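Chemist: Structure below; questions to follow.
The values are calculated or read from the model by the stated rules, or taken from the named source; none is laboratory data. What you see is a predicted model, and the numbers here were worked out from it, not measured in a lab. Quick reminder, even Gly has a Cβ in these numbers, built from the backbone with ideal geometry, and neighbours come from all protein chains shown. Quick note on the areas: whole protein, heavy atoms, side chains included, nothing else; ligands and nucleic acids left out. Shrake-Rupley method; radii C 1.70, N 1.55, O 1.52, S 1.80 Å.
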Amino acid sequence: MQQPDWTLLARYLEGTTTPEERARVEAWCAADPAHRALLKRLEVIWRTPPARPGAWDAEAAWLQVARQVRAAGTGRPPRRSRRRKLPYGVRVALVLVLLLIPLGVLLWRMTSPAPSRVAEVVTWDSWRTTTGEQKILRLADGTRIWMAPESQVEVQQPYMQHRTLRVRGEVYVEVAEASGVRLLAGPVTIRDIGTRFLVRADHPEALVQVVVEEGLVAMQAAARADSLVVAAGMLGRYDAQQSRLRVLRLSDQDLRAYFSWMQGTLVFQTASLEEVQRQLLRWFGVHFVFPPTHQQAHLTASFQLRQPIAEIAEAIGLALHLRPLARGDSIIFQPTQPE
């Protein structure tokens with residue numbers, strides 16, 4: 001990785017670069033994905049306010065004033081003025097006064113009732129979707145959230161710099177450019193460093209998945225001190241049973257499968273039958289029951305969300321060599337009889 005020009009990057013983030021310098025930074029980013037990732041992280045740090053706004057250094061401020069005074073004069077150090085020495089008794093009296101004044105202020109503060117502090121009440125605005133229902137939320141800062149069926153999004157109010165969201169189910173988030181979002185999905189904290197990603201937390205205490213379409217996302221589990229960064233085209237996964245964070249590179253087909261429901265299609269790309277059951281129950285409200293002999297089977301298929309459930313069951317049965325039988329709100333698959 002080429003050594004970055006930190007001064008140039010700082011001017012770029014500040015917006016004071018010339019067109020030629022800006023072109024240099026963009027060429028540096030295009031030369032290596034790691035350069036672009038570094039600049040993204042710097043942008044997050046740049047827009048983060050100091051931990052103690054309003055704190056200032058009195059000594060440093062005085063030195064600054066002194067430098068300005070010298071610059072406005074002749075540049076020569078000021079002459080020491082001859083001070084008349086006060087009598088000893090007067091000096092002792094002044095010292096006692098200077099000591100007694102802060103002592104009196106301290107005693108007054110200790111005996112005075114403490115001012116009442118009004119605690120800022122934190123509330124959560126909540127949205128839910130039912131079986132087969134979708135919603136699109138648009139937050140005040142321009143962030144948009146697509147909610148799949150049987151999902152929940154809670155937005156903390158009020159917020160300062162970053163919005164905090166709690167999510168369950170499956171949501172797709174498109175973060176506004178000038179905003180930052182922190183998502184809580186069960187034991188996992190997800191911090192946005194980019195723009196577009198999907199979170200799937202069907203069982204928040206067991207499995208959380210993050211699929212990034214654009215930008216970067218950081219994941220950290222409550223039970224772990226470390227974290228990982230998930231880049232575009234990758235899947236970040238936390239398994240509570242193994243207490244393990246993993247990141248995997250997805251193929252183009254796998255990546256499209258995760259986002260397909262937003263275009264009205266449900267795509268399974270070598271999906272386990274457990275995943276097939278979970279998704280079909282969410283979208284259609286029907287329990288698909290597969291025989292124990294097919295526990296390790298996988299399905300590759302795509303269905304329209306408006307397609308009749310009977311057609312979907314028939315297609316799955318043909319792919320797995322099973323016969324579907326409808327019983328109430330369930331479809332039970334049985335092995336086909338040998339001819």
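Chemist: Note down the net charge around Gln296, summing +1 for each Lys or Arg and -1 for each Asp or Glu among other residues with Cβ under 15 Å from its Cβ.
Modeler: Result for the local shell: -2.
Chemist: A follow-up question, please. So, R0 is 25 Å and r is the distance between the beta-carbons of Glu274 and Asp252; what FRET efficiency does that work out to, to 0.05?
Modeler: With R0 = 25 Å, the Cβ-Cβ based efficiency is 0.55.
Chemist: Once a ≥ b ≥ c are taken as the square roots of the eigenvalues of the Cα gyration tensor of the range 292-333, is the result rounded (a/c under 1.5), prolate (a/b larger than b/c) or oblate (a/b not larger than b/c)?
Modeler: oblate
Chemist: Under the classification rounded if a/c is under 1.5, otherwise prolate if a/b is larger than b/c and oblate if not, where does the range 228-284 fall, given a ≥ b ≥ c as square roots of the Cα gyration tensor eigenvalues?
Modeler: Because a/c hits 1.5 or more and a/b fails to exceed b/c, the range 228-284 counts as oblate.
Chemist: On full extension of the chain, what length is gained from Ala176 through His287, given 0.36 nm per residue of separation minus the C-alpha to C-alpha distance?
Modeler: 36.2 nm
Chemist: On to the next question. Could you rank His287, His321 by how accessible they are, 1.4 Å probe, largest area first?
Modeler: His321, His287
Chemist: Of Val247, Gln263, Leu273, which is farthest on the positive side of the dipole of the range 244-290, counting Cα position, with +1 on Lys and Arg Cβ, -1 on Asp and Glu Cβ, and the Cα centre as origin?
Modeler: The listed residue farthest towards the positive side: Val247.
Chemist: Can you give the local net charge around Met234? Use residues other than it whose beta-carbon is closer than 15 angstrom to its beta-carbon, Lys and Arg +1, Asp and Glu -1.
Modeler: Around Met234, the charge tally is +3.
Chemist: Accessible area of the range 172-326 with a 1.4 Å probe: how many percent of it is carbon plus sulfur?
Modeler: Exposed carbon and sulfur together represent 49 percent of the surface.
Chemist: Let me ask something else about it. In the range 219-324, if the dipole is taken from +1 on Lys/Arg beta carbons and -1 on Asp/Glu beta carbons about the Cα centre, which of Gln220, Ala297, His287 is farthest to the positive end?
Modeler: Value computed over the given set: Gln220.
Chemist: Follow-up. Calculate, for the range 209-268, the solvent-accessible area per residue in square angstrom, rolling a 1.4 angstrom probe over the heavy atoms of the protein chains.
Modeler: 49 Å²
Chemist: What is the dipole size for the range 225-339, taken about its Cα centre, with +1 at each Lys and Arg Cβ and -1 at each Asp and Glu Cβ, in debye to the nearest 20?
Modeler: Charge dipole, the range 225-339, about its Cα centre: 200 debye, nearest 20.
Chemist: Also: Rounded to the nearest 0.05, what FRET efficiency is calculated for Glu20 and Arg144 with R0 set to 41 Å and r the Cβ-Cβ distance?
Modeler: For Glu20 and Arg144, the calculated efficiency is 0.70.
Chemist: Treating only the Cβ of Lys, Arg, Asp and Glu as charged (+1, +1, -1, -1), what charge dipole size does the range 265-325 show about its Cα centre? Round to the nearest 20 debye.
Modeler: The dipole of the range 265-325 has a size of about 100 debye.
Chemist: Let me ask something else about it. How much length would be gained if the chain were fully extended between Asp32 and Thr189, taking 0.36 nm per residue of separation minus their Cα-Cα distance, in nm to one decimal?
Modeler: 53.7 nm
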